[in-house]
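One structure is given here, and the rest of the page talks about it.
What follows draws every value from the coordinates through simple rules; no lab data is involved. Fair warning: this is a prediction, and the values are worked out from it, not measured in the lab. A quick note on method: Cβ atoms are made from the backbone with ideal geometry, for glycine too, and the neighbour counts reach across all protein chains shown.
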Amino acid sequence: MNRNKGVIGFACAYTPLPLIHAAGFQPYRVLPNVDCPDQAGHLLHDNLCPHVKRVLDRAMSGLLPDLKGMVFMNSCDSMRRLYDAWKAARVGRNVVLVDLPAVATDSSIKFFRDELEGLSRTLERWDGAVIDEASLAGSIGLYNRISALFTELRGKANRSALKGDSAKLQEAYNRASISSPEDCIDFLEALLKEDADIQQGEAGVPVYLFGNMLPEPEAFALFESCGARIVSDDLCTGSRLFSAIETGGGDMLLNLARGILERPACARTFSAERPGSLGDDVAAAAKKTGARGVIGYTAKFCDPYIARLPGVRESLKREGIPLLLLEGDCTLRSIGQHKTRIQAFVEMMR
């Protein structure tokens, strides 16, 4: 199969990367951590998710590769507004919006499976290869290999055996989100072979990190300079994008739909049986990793997280785990403003 059919952009961790790859395209995440002029205000309201606005800034500034198309997931109202604005900013370019259920029930998984089938036809119209069961299974296998390599890499970072620690790990996540899976696998395997001196002296305070957009490696370096040691994360720009997809044979589109909807949930996804599950899941993950505290980092004006953070706070309070909530605008400047608060939080847990 021709794997050089071009680059397809995406902006959400729920994007079906194996499907894009199976069509012969290279998925490319449009990350917000690129300096460019602030132009999104011409098309979007000021009090809107800064992630969405900075992604649009990149499009309006031309700071993108030559995309054959852009895949948007209808994950929240802000992402839907980005889809509308993208069409206005890049008139005549290929763009598609894929509906994304907020729950992972049998009926919603079947619905999402049909959405993925529609996306397959769209990718074919964009000059992509015809996607069959074998090609999709092969692409899922590649991304599952990436997931396994990241599990190893996180373990290495936890042992302070990864040069650059959590900042290096985030660099790897960023690189993986803009590379072909074949190139990513080669890069991660080489990274795992690199030696690093085990750090001596006082270990940082173990902290669990959750939230949405935090792609800046410098932010992780800041946490560590304040005495924290990030033992695990659940971020849209971190481990969430590369969760493994269980296949088990059968309908590959259905397997892919189930795997995406059942991966660790962000605030826009919830369980009908456990409406407050996000808070319980954060608390359980923090305990499992041995974290002594939790840092939550979210972009401003993110309504799903604003609605669910009180429940997260209550769940952690019941477990006796301290929480620090930070908010930013997807710039390093906003992260740096929190340095004193991060230092005080870490000192409190020593």
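Quick notes on this structure:
- Sites listed here are GluC sites (Glu not before Pro) in the stretch 72-141 whose DSSP assignment is loop and whose Cβ has at most 10 other Cβ atoms within 10 Å, and the list is empty.
- Mean residue ellipticity, 222 nm, helices only, the chain: the sum of -39500 (n - 2.57) across DSSP H runs of n ≥ 4, divided by residue count and rounded to 500, is -15000 deg cm²/dmol.
- Within straight-line cross-link reach of residue 87, aspartates and glutamates at Cα separation under 15 Å, skipping those fewer than 8 residues along the same chain: 57
- Choice from 58, 80, 274 with maximal GNM fluctuation in the chain (Cα, 10 Å cutoff): 274
- Charge dipole of the stretch 7-133 about the Cα centre (unit charges at C-beta), most positive-ward option of 116, 48, 12: 48
- All lysines inside 28 Å of residue 339 as judged from Cα atoms, apart from same-chain residues fewer than 8 positions distant: 53, 156, 163, 168, 287, 288, 300, 317
- Applying a DSSP loop filter and a limit of 13 other Cβ atoms within 10 Å to the GluC sites (Glu not before Pro) in the stretch 236-297 leaves 246, 273.
- Phi to ³J(HN,Hα) by Karplus 6.51 cos²θ - 1.76 cosθ + 1.60 over the stretch 82-94, Hz, x for Gly, Pro: 5, 4, 4, 5, 4, 5, 6, 7, 10, 4, x, 7, 5
- On the basis of the beta-carbon distance and an R0 of 51 Å, residue 332 and residue 124 show a calculated FRET efficiency of 0.80.
- Look at (i) 27, 59, 14, 0; (ii) 30, 61, 9; (iii) 32, 55, 12, 0: the one that is P(r) over Cα pairs in 20 Å bins from 0, in percent derived from this structure is (ii).
- Normalised alpha carbon radius of gyration of the stretch 252-302 [divisor 2.2 N^0.38 Å]: 1.39
- Loop-located GluC sites (Glu not before Pro) in the stretch 147-218 (DSSP state other than H, G, I, E, B) with a sparse environment of at most 14 neighbouring Cβ atoms within 10 Å: 194, 202.
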